[in-house]
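Scroll down for the structure; my scribbles are underneath it.
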Amino acid sequence: MIPYILYTALILAACFVFYKLLLQKETFFHLNRYILLSCMILAFILPLVPIPQQLSLRKAAVEKPVEAAKIPVSKIEPVQSKVQAVEPTIVEQTNETFNLESAVQWLVYLYWFGVIVFALNFLMQVVLLLYRAYSKSVIQDGKFRIIEITDDKAPCSFANNIFINPEKYEWETYNQILLHEKIHIEQKHTIDLLLAEMVLIFQWFNPFAWQWRKALEINLEFLTDDQMLQQDNVEKESYQFSLLKVAAPQFPLSLTTNYNQSLLKKRIIMMNSKKSNVHTTWKYFFLLPLLVLFACLFNQPAAQSQTLSSNEEPKENLDIKSEMKTEGDWFATIKGNTVEIHFKNNERDNSSSTFQLSELANIPRDKQGTFTLEREAGTMSFNGKFEGDKGMGTYKFIPNAAYSAAMLKEGVVVKKDIDLIVFFMINIKVSYVQMLKKNGYTDIDKDQLIPLAALDINEAYITSIKQAIPDIDLDNLVPFKSLGIDKAFIEEIRKAGYKDVSPGKLIALKSQGIDGKYITDVRNSTKGDKTDNNKDSDDDDDIIAFKSLNVDQEFINSFKKLGYNNISNSDLIAMKSLNVTPEYISGFQKAGYKDIQVDDFIAMKSLNVTPEYVTEFQKAGYKNISASDLVALKSQNITPDLMQQYKELGFNDLAIDDIIGAKATGTTPSFIKSMRGKGHDFKNIEKYIELKAVLGN
């Protein structure tokens with residue numbers, strides 16, 4: 001169960017990073033909605049889908065409870081020991097297996113406890129919303145139910161219910177709120193939010209699941225805003241001004257669509273953004289190969305799949321059945337001290353393996369003859385001849401019944417000839433099983449033995465790993481050895497700050513090419529006000545993202561030279577993805593902006609606010625425009641020329657907020673001139689804004 005949950009979390013994380021980097025800024029809101037919903041569902045379905053053996057990139061099983069992996073004989077070659085001998089130490093094995101199983105069991109209990117807590121929270125929200133919907137006064141507007149509330153909370157909707165305090169808003173704003181919420185209801189956005197909440201119930205521990213729900217909610221607001229602006233009776237500036245009036249800090253329940261003050265800036269920016277070109281849809285097609293890659297890397301091949309509840313013996317690997325049978329033809333080539341033998345059963349079934357020349361007794365040279373290869377699992381009898389270094393003939397495998405009995409005594413069932421020939425080719429000895437049991441691995445499956453022996457996971461390697469991780473699981477040894485994780489690597493990671501690093505984390509770090517030096521460099525560069533209690537949790541979730549984006553010590557230090565010593569990991573990731581460079585920041589510092597916060601730079605870069613844009617305002621006499629005002633000015637496409645036009649109308653002391661409000665509501669210089677021509681001569685621009693709101697278009 002735990003591998004499935006973690007695999008689901010990994011898919012969600014990868015899809016979220018893909019969405020944030022490539023799709024979030026696109027204005028294809030409908031398409032983004034389907035992408036967000038589809039990825040949520042696929043994250044739970046994809047791990048259950050078996051894939052064809054030939055497409056699998058997974059050569060050894062690492063999840064014993066789910067399935068047993070087998071290695072095709074055609075891929076097996078004798079492996080010489082590559083692990084340096086270390087001085088064996090006596091490790092107390094008493095109760096080791098029990099402790100590991102107990103820890104896993106408590107982890108499962110903790111997970112289900114979280115599921116229950118979040119499920120109860122979900123049910124309480126549903127009950128509370130339904131109670132509010134059917135216990136207060138209602139206005140029936142067709143299929144919409146308008147529930148009038150009296151408290152000071154932002155409007156929201158759930159299912160076909162709209163919750164609003166009508167006394168808080170003027171008529172135009174009230175109508176725009178209702179139209180906005182009706183769009184949410186007509187497009188069934190509540191379903192999206194309910195699905196996101198269901199995902200959170202089962203992925204409550206996954207920070208990417210929480211970010212996924214936030215991204216989905218933001219996109220729904222973008223989509224609704226876009227639909228609003230397509231209405232004939234809604235003007236963009238007027239609608240944006242209404243948003244400014246409606247946004248409130250009180251957050252409704254997470255199951256509802258709502259006006260969120262923290263999203264307001266993003267929504268206004270997106271409404272004023274240029275529509276995405278249809279040619280940028282190529283980005284969406286990269287999601288499918290990403291999901292296919294995940295399936296090929298982590299899903300079990302179809303021929304190997306086996307459910308835990310099955311009482312039958314595991315199905316044999318089809319590659320082994322088709323590539324290696326107990327009788328057939330052989331073709332061999334002698335290469336120095338080794339012999340490479342190809343086994344052929346029919347036109348399609350071929351496999352090969354390499355043996356030491358010394359293992360083969362009485363090889364016939366230039367004449368027909370018989371020679372044998374004896375191992376504990378049985379005897380391979382070859383009939384044929386060699387001419388020089390080339391040979392061919394027929395073979396027959398004879399199983400060793402005593403070997404099967406000895407293995408059964410050790411708790412490993414090896415009955416079928418197809419199993420015995422695999423054990424023969426890998427040369428799995430009874431003593432190898434005894435060695436594993438001596439090291440504390442008493443519950444050994446025959447299918448676990450295949451990758452363990454094929455990768456030459458010997459006692460020296462196991463002892464060295466257990467010195468670093470005493471409770472290392474048997475199944476983790478396979479990816480450890482295949483990735484080259486040794487005791488030195490584990491100690492290197494721990495010295496870099498990962499004191500309690502788990503085997504899963506080690507596998508993730510090694511597979512990404514992250515070593516101790518990289519971790520140390522990044523951590524030293526990101527040291528700030530973090531406490532010892534939360535430093536690791538912050539870094540652990542971001543270190544892989546750092547590596548994928550090439551956020552290194554040089555990148556971090558380049559900002560420290562500018563005085564930014566405490567940049568958070570999330571801000572570093574955003575800065576790298578948006579290409580916020582030291583040169584970009586230096587440009588603003590030269591323009592007099594010495595104390596701008598990092599998140600302001602991120603917002604300005606997303607709107608392409610440049611130092612040159614600032615300089616234009618400074619030349620026009622506006623010396624102290626704040627970073628947040630720069631973002632608002634750019635989002636409204638306000639230029640120094642426009643501000644000069646207001647001055648020419650007699651508004652010499654206009655504040656930046658007044659100009660932003662005027663532009664957002666459509667109170668343009670031309671509008672003011674036309675009103676003055678009709679006798680409305682006001683000295684205060686707020687009067688013209690109010691007049692614009694009354695007149696509408």
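How high is the FRET efficiency between Asp443 and Trp210 when r is their beta carbon distance and R₀ equals 35 Å, given to the nearest 0.05?
Taking R0 as 35 Å, the efficiency between Asp443 and Trp210 is 0.40.
Work out the FRET efficiency for Gln597 and Met392 from their Cβ-Cβ distance, taking R0 = 45 Å, and round it to the nearest 0.05.
Calculated transfer efficiency: 0.05.
Students often check this: by mean Cβ neighbours within 10 Å, which of 154-165, 564-575 ranks highest, and how do the rest follow?
154-165, 564-575
Given N residues in the range 652-693, what is Rg(Cα) / (2.2 N^0.38 Å)?
The value comes to 1.05.
Are there GluC sites (Glu not before Pro) in the range 375-478 that DSSP puts in a loop and that have at most 13 other Cβ atoms within 10 Å, and which ones?
none
Using only the alpha carbons of the range 551-633, determine the length spanned along each of the three principal axes and report them from longest to shortest in whole angstroms.
40, 21, 17
Taking a spot 7 Å from the Cα of Thr520 along the direction of its beta carbon, which residues of the range 551-583 have an amide N less than 20 Å from it?
Taking a point 7 Å out along Cα→Cβ of Thr520, the residues of the range 551-583 whose backbone N falls under 20 Å are 551-558.
If you take the Cα Rg of the range 89-225 and divide it by 2.2 N^0.38 Å, with N the number of residues, what do you get?
Computed over Cα atoms of the range 89-225, the ratio equals 1.56.
Between Ser502 and Ser577, 0.36 nm times their residue separation minus their Cα-Cα distance comes to what?
Length gained between Ser502 and Ser577: 24.1 nm.
Give me the tail of P(r) for the range 578-697 as a percent: Cα-Cα pairs with distance above 20 Å.
Value for the range 578-697 (Cα pairs over 20 Å): 46 percent.
Could you work out how far apart the two model spin labels at Lys590 and Leu695 are, taking each label as a point 7 Å from the Cα in the direction of the beta carbon, and quote it in nm?
With each label placed 7 Å out from Cα toward Cβ, I get 4.5 nm.
Can you give me the convex hull volume of the Cα atoms of the range 438-524, divided per residue and expressed in Å³?
Working: hull volume 7.6 nm³, N = 87.
Cα convex hull per residue, to the nearest whole number: 88 Å³.
With both partners inside the range 96-183, how many of the DSSP beta bridges are antiparallel, as a percent to the nearest 5? If you can, show how the numbers build up before the last one.
Working: 7 of 11 bridges.
Around 65 percent antiparallel, to the nearest 5.
For the residue pair Leu128 and Glu410, what label-to-label distance in nm results when each label sits 7 Å from Cα along the Cα-to-beta-carbon direction?
Label at Leu128, label at Glu410, 6.0 nm between them.
If you take the C-alpha gyration tensor of the range 632-671, multiply each eigenvalue by 5 and take the square root, what semi-axes do you get, largest first, in whole Å?
Over the Cα atoms of the range 632-671, the semi-axes work out to 14, 11, 10 Å.
Taking R0 as 25 Å, what FRET efficiency do you get between Asn624 and Lys673 from their Cβ-Cβ distance, rounded to the nearest 0.05?
Calculated transfer efficiency: 0.30.
Where does the range 325-412 land on the Kirkwood hydrodynamic radius, alpha-carbon pairs, in angstrom?
It works out to 13.8 Å.
The numbers here are math on the coordinates, done by the rules we state, and not lab data. Note that the structure is predicted; figures quoted are calculated from it, not measured. Positions of Cβ are generated from backbone atoms using ideal geometry, with glycine treated the same way; all protein chains shown enter the neighbour counts.
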